[in-house]
């Protein structure tokens, strides 16, 4: 009995020393890279050059509202990882963000490791995270007080009865993949749903593409889907979670999809309260409005609109 006890103690010590038994790391959605002078143009151009030098491809950028700029990037590693799973294309882009506080420009980016788990990718994107840190730096991660484990993120649900990652919106059906990407691109270019294009990424050798869109919220049906409408209500902390934007439309095969807003918002703001000031209740109208905007932007029909 004593020898068995000693053997068990020795095995436990070995496992601990090799890191096999350890608390799983808590992850947060965003990384604060740096704070620079108050010149937005210089901050953005400097970061874009660093990203390009590090091997990333800048695929789009936009200002969702005053004092904010978002740059969408991808890379071969991101696209290769995205192609390994059926809906990995949602994770083909990362976002680098810039917010002018008046005193300085906050430079931040989405945490690739966090999103790899949230989008159930076959890979943890640790190398991509290191690549981003090497290019832009890393002061701290933020966006959640306690963070979430990778296991939590891969089965994430904000509250009971709320959607999971796999509870996607089917926005539009087409005859072929080519019809689908052409139809989505045409609808976005025409401003359907009150959106503007930000980026498009196609996965090589796959019938899968992702479109990033700026939702203006410039119609009665889509007002509270607007980027500014939502962010001015829930992105209220000093360090901004701009990397939540832009929203995505994915084409997979002959269909266009989006993530349900209740999941898509919660994964960026996991600490957001259900009720009270700056809560989900303050944007209660957003899920339906976002569905309407993205359905139209995908070339689909929404809620009795006869213009389609």
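Values for this structure:
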| quantity | calculated |
| --- | --- |
| Selection within segment 184-202 - crowded, with 20+ Cβ neighbours inside 10 Å and over 20 Å from residue 70 (Cα atoms) | 184, 187, 192, 193 |
| Pick from segment 213-235, criterion modelled with pLDDT of 95 or more and part of a loop (DSSP other than H, G, I, E, B), ranking: nearest to residue 185 (Cα to Cα) | 216 |
| Selection count where residues are in contact (Cβ under 8 Å) with a residue 60 or more places away in the chain, in a loop (DSSP other than H, G, I, E, B), touching a helix residue (DSSP H, G or I) at 6+ places or on another chain (Cβ under 8 Å) and closer than 20 Å to residue 28 by Cβ, scope segment 241-273 | 4 |
| In segment 274-291, the residues that are without any contact (Cβ under 8 Å) to a residue 24 or more places away in the chain and either in contact with a strand residue (DSSP E or B) (Cβ under 8 Å, 6 or more places away or on another chain) or closer than 29 Å to residue 177 by Cβ (or both) | 288 |
| Candidates 92, 129, 82, filtered to the one that is buried (at least 18 other Cβ atoms within 10 Å of the Cβ) and touching a strand residue (DSSP E or B) at 6+ places or on another chain (Cβ under 6 Å) | 92 |
| Complete set of residues in segment 158-182 that are more than 21 Å from the chain's Cα centre (by Cα), touching a residue at least 40 places away in the same chain (Cβ under 8 Å) and surrounded by fewer than 21 Cβ atoms within 10 Å (Cβ to Cβ) | 173, 174, 175, 176, 177, 179 |
| Qualifying residue in segment 190-198 (condition: more than 22 Å from the chain's Cα centre (by Cα) and assigned to a strand (DSSP E or B)) | no |
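The values are calculated or read from the model by the stated rules, or taken from the named source; none is laboratory data. Since this is a predicted model, take the numbers as computed values, not measurements. Every residue, glycine among them, receives a Cβ derived from its backbone with ideal geometry; neighbour counts consider all protein chains shown.
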